[in-house]
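Inspection log for the structure reproduced underneath, given as structure tokens.
The values are calculated or read from the model by the stated rules, or taken from the named source; none is laboratory data. Source: prediction; values computed, not measured. All Cβ positions, even for glycine, are placed from backbone atoms using ideal geometry, and neighbour counts span all protein chains on display. The protein model used for the area step is the full one, side chains on, heavy atoms only, and it has no ligands, DNA or RNA in it. Shrake-Rupley method; radii C 1.70, N 1.55, O 1.52, S 1.80 Å.
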Number of protein chains: 4
Amino acid sequence: MDDLINKIIAFRDERDWKQFHNPKDLAISLTLEASELLETFQWKSSEQAVEANLNDIQDELADVLIYSMMLAHDLGIDVKSAILQKLEKNAEKYPIDKFKGTSRKYTEAE
Amino acid sequence: MDDLINKIIAFRDERDWKQFHNPKDLAISLTLEASELLETFQWKSSEQAVEANLNDIQDELADVLIYSMMLAHDLGIDVKSAILQKLEKNAEKYPIDKFKGTSRKYTEAE
Amino acid sequence: MDDLINKIIAFRDERDWKQFHNPKDLAISLTLEASELLETFQWKSSEQAVEANLNDIQDELADVLIYSMMLAHDLGIDVKSAILQKLEKNAEKYPIDKFKGTSRKYTEAE
Amino acid sequence: MDDLINKIIAFRDERDWKQFHNPKDLAISLTLEASELLETFQWKSSEQAVEANLNDIQDELADVLIYSMMLAHDLGIDVKSAILQKLEKNAEKYPIDKFKGTSRKYTEAE
């Protein structure tokens, strides 16, 4: 993971783009890339989209990950521990015995 | 990275949620989490948001990464090579000598 | 407003596109158009974006409105009363005496 | 329409919120509201979502429209002519004889 983040930051530094990348604008760009990913599914069933657009899905997903890792890096967030901590929080919000096999949200009544 | 993805998938399997996670609905959820991340910056400057909301930023970013890795896993996409391949494509679209120090998009005139 | 919505629906009917427009896919498309609108502001200050991209802003905003009105039409939602009812709800969540001159959300502590 | 926009702007002026509403932040908020609308469809089929969440769909759609009209107002965009002009552009991109009955995008090969 560290090696990957270093490559991403090197890509940015070679272009001297850090100056444009404040966290708010990175969050905007991350949203835009997530939408481009979603666009590969527009007007299609999930199966149709995967069959027609798998390469594009991979590329857009990579862009989402690249911006995510830039933002984490700039804010001093360790990606791995952020994920592990969030999984623990999600496990508390969604205990197995209450949420197994249901897509209900924790804010929705049983 | 593999270890992290295994933990994410184990979290899902314990809750038997794979049945709801077709790629299109995962892409929707990824977009929603990206928006929740962006929401931590709403009506604030970048600095104000980071000062007020760093913990929330970390949590929302983790959710973005969790859905990204689930989607990659389900589609057989290797996260690391997807990122490295996309960095190469981006490097072709944005050669250093033409794009150093500019936020211009490759689709915009010089 | 009714006249406008009729024109939008006529545009769709001429192309026989109603068959693709279930509400979920319309909501996806509305999100994608909102992102295209936001993209006109990417890496720019608000002023820079308005100066450089006002025509694109107008076009993307129109697409957001077109999908909004299609979705309202298909679900039997009257746009005008939906807005008036929501303004009333927002007025209850944000009473003038407590929220005048502050960008605080109603969920945030004073 | 004018009457509706006047009511929306009056709601804002009573709270003295114009100061926070630069076009970029309005575009962010519009995206966030579009995502809240999409969230009412998360993990559900279109039919399930409409059945379970029609009131929420109406409210979130209203928020999308409220921000859209604020942004149009602030930028001097006439909503009605923006929509009519965009319908004309879309009609050029999607001529009836080529796109009737297909969800293909104009950028996709026939």
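Couple of notes before you dig in:
- Qualifying residue in the stretch B:40-59 (condition: farther than 23 Å from D:D25 by Cβ and among the hydrophobic types (A, V, I, L, M, F, W, C)): no
- Selection over the stretch B:1-29 of residues that are more than 20 Å from A:F99 (Cβ to Cβ) and facing another protein chain (nearest Cβ under 8 Å) gives a count of 5.
- Filter result for the condition that a residue is polar (S, T, N, Q) and under 12 Å from the mean Cα position of the chain (by Cα), over A:S45, A:S103, A:S29, A:S81: A:S29
- Within the span defined as the stretch A:48-58, one or more residues are within 7 Å of another protein chain (Cβ to nearest Cβ), in contact with a Phe, Trp or Tyr (Cβ under 6 Å, 6 or more places away or on another chain) and at pLDDT 95 or above.
- Every pair of residues 6+ apart whose Cβ atoms lie under 9 Å, when the first sits in the stretch D:7-21 and is among the acidic types (D, E) while the second is in a loop (DSSP other than H, G, I, E, B): D:E14/C:K100; D:D16/C:K100; D:D16/C:G101; D:D16/C:T102
- Residues within the stretch D:77-103 that are more than 8 Å from chain C (Cβ to nearest Cβ) and exposed (fewer than 13 other Cβ atoms within 10 Å of the Cβ), tallied: 7
- For the stretch A:34-56, a residue qualifies if it is touching a Ser or Thr at 6+ places or on another chain (Cβ under 7 Å) and open to solvent by less than 60 Å² (accessible area, probe 1.4 Å), and the qualifying residues are A:A34, A:S35, A:L38, A:Q42, A:W43, A:A49, A:N53.
- Residue among D:D59, D:D25, D:D74 that alone is in contact (Cβ under 8 Å) with a residue 12 or more places away in the chain, surrounded by 13 or more Cβ atoms within 10 Å (Cβ to Cβ) and of a type outside the set (S, T, Y): D:D74
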